[in-house]
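Remarks on the structure that follows.
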Amino acid sequence: MNKKLISTVIAATFSIGIVSAAEACTRIVWDTKDNGTFVTRTLDWSEQTNPHLVNIPKNSSYLTHLDGNNQVTSLFDVTGLTTYGKITDGINSAGLSGNVLYDRGMDTQDFNNADDIGALHYLQHLLSQFSTVDEAVKFVQENPAKTEFIPGVPIRIALHISLQDVTGDSAIIEFRADGANVWHGPEYTVMTNQPDYDQHLANVERSKRGWGPQEQQYSQTNLGTGGNANPEDRFIHSTYYLGHLTEPTSVINGMLKLDSITYKIPHDAPNMPIDGVMAGYATEYAVNYHLQSGETLIRYQWGDDYTQLQYNMQEIQASEKSINFPIVQTGMIGEITDKIIASGQ
């Protein structure tokens, strides 16, 4: 999708108020006792985003802001999925992984210096430059993202970021007027969208009072949610079911289990009225991967495209190829690692 078309699509999306209608996506990280670290995230949106898998070999150069010409060299291979051409989910060759989700409360300062990192390039920069969550967090605290607009789109893309690595460490990063708010530690396993993260944590503590002891929880336990698919309810839902997962028997079994607890937004689900017409959104895809092995599974579901794909991000990185591979292709299903690698240069 070229930049002009991207701008047109996003502008149309935001101009009809979908900025309020697409407040979804869920990320969960699960660090197991004997089988490594698993990550899942959903991409929930109001239209098909045509995701691509990209591989950016180390020593590649990239811009840090659309309004500048600052070029930085990547220290690591970075493999990820794009939304409208920007990496919104990825992992580097050191095992640091990150996810971009919508966050209505984002507030950033304007771009002023040549080396400022724009919000839309921020995840790629973290994955390109750092090997652990701890290293990345130290950078984030001193260098929060700056406002960045896509040409032709008058509204900023609001986001926040989650990070995780092969040690099970995790961080949630929100950008506010006074800088970056960071929750850092392996206990921060779930992220959805607004409100602020501390409110989500407070919601869980409130709901837990009604759950009772874990060994007495069952199918009739009231989770204490007040709606259905809103970010606060999805956060509580994910936290509750993550707490009930037992050790997986394999990498595939781990991805299967974690994928099963993310809330998938149904197609044609009513969300909110805009100009008198009910707007909807849905889960376009869910991606699940294992940080130690690079094994990845995607279930894609939009329009007439309904498929499951499997590939290995470590093998893709080992190819040392520059890759920009469309995930949605008619009839494509199953293991596609070799196909992805063959498409690169």
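Just so it is clear, none of the values below were taken in a lab; they were calculated from the coordinates. Values in this document were obtained by computation on a predicted structure and should not be read as measured data. Don't worry about glycine lacking a Cβ; one is built from the backbone with ideal geometry, like all the others, and counts go over all protein chains shown.
Each Lys or Arg adds one and each Asp or Glu subtracts one; over the other residues with Cβ under 11 Å from the Cβ of Gly185, this totals -3. Rounded to 0.05, the FRET efficiency of the Glu247 and Glu215 pair, given R0 = 30 Å and the Cβ-Cβ distance, is 0.95.
Summarised as an ellipsoid, region 233-308 has semi-axes of 29, 17, 8 Å, derived from the eigenvalues of the Cα gyration tensor scaled by 5 and square-rooted, with the largest first. Modelled label positions at Ala177 and Lys58, each set 7 Å beyond Cα in the direction of Cβ, lie 4.2 nm from each other. Past 21 Å, Cα to Cα, is the threshold; run Lys264/Lys339; Lys146/Lys264; Lys86/Lys321; Lys58/Lys146; Lys86/Lys138 against it and keep the listed order. Beyond 21 Å: Lys264/Lys339; Lys146/Lys264; Lys58/Lys146; Lys86/Lys138. Within the shell of other residues whose beta carbon sits under 13 angstrom from the beta carbon of Ser131, the net charge comes to -3, with Lys and Arg scored +1 and Asp and Glu -1.
Counting only Cβ charges, +1 for Lys and Arg and -1 for Asp and Glu, the dipole size of the chain around its Cα centre is about 360 debye. Against the set (1) 89, 58, 49; (2) 63, 50, 42; (3) 57, 48, 44, the structure's computed Cα extents along the principal axes in Å falls on (3).
Each of His65, Ala286, Ala202 was scored by the projection of its Cα onto the charge dipole of the chain, and the greatest displacement toward the positive side belongs to Ala286; charges sit on the C-beta of Lys, Arg, Asp and Glu. Based on alpha carbons, the Rg and Dmax found for region 179-285 are 15.9, 50 Å.
Across region 191-196, computed HN-Hα scalar couplings (Karplus, 6.51 cos²θ - 1.76 cosθ + 1.60, θ = phi - 60°) run 9, 10, 9, 4, x, 4 Hz from first to last residue, x flagging Gly and Pro.
Sites counted here are trypsin sites (Lys or Arg not before Pro) in a DSSP loop (not H, G, I, E or B) having no more than 11 other Cβ atoms within 10 Å; the longest part of the chain that contains none of them is 34-208.
Per-residue ellipticity at 222 nm, computed for the chain from helices alone with -39500 (n - 2.57) per DSSP H run of at least four residues, works out to -6500 deg cm²/dmol. Of the chymotrypsin sites (Phe, Trp or Tyr not before Pro) found in region 169-224, those in coil by DSSP whose Cβ has at most 15 other Cβ atoms within 10 Å are Tyr218. Coupling constants for region 50-66 follow from the phi torsions by the Karplus curve (6.51 cos²θ - 1.76 cosθ + 1.60, θ = phi - 60°), and in residue order they are 6, x, 10, 8, 10, 10, 10, x, 4, 6, 6, 9, 8, 7, 9, 7, 5 Hz; glycine and proline get x.
Across region 267-281, rounded Karplus estimates of 3J(HN,Hα) from the backbone phi angles (6.51 cos²θ - 1.76 cosθ + 1.60, θ = phi - 60°) give 5, 6, 5, x, 10, 7, x, 10, 6, x, 10, 5, 8, x, 7 Hz, Gly and Pro being marked x.
The spacing between region 130-153 and region 252-305, judged by their C-alpha centroids, is 26 Å. Projecting the Cα atoms of Ile341, Phe235, Gln314 onto the charge dipole of region 194-345 (Cβ charges, centred on the Cα centre) puts Phe235 farthest toward the positive pole. The residue among Ile161, Thr26, Val190 whose Cα reaches farthest toward the positive pole of the charge dipole of the chain, with charges on the beta-carbon of Lys, Arg, Asp and Glu, is Thr26.
Magnitude of the Cβ-charge dipole of region 178-322, K/R +1 and D/E -1, about the Cα centre, nearest 20 debye?
360
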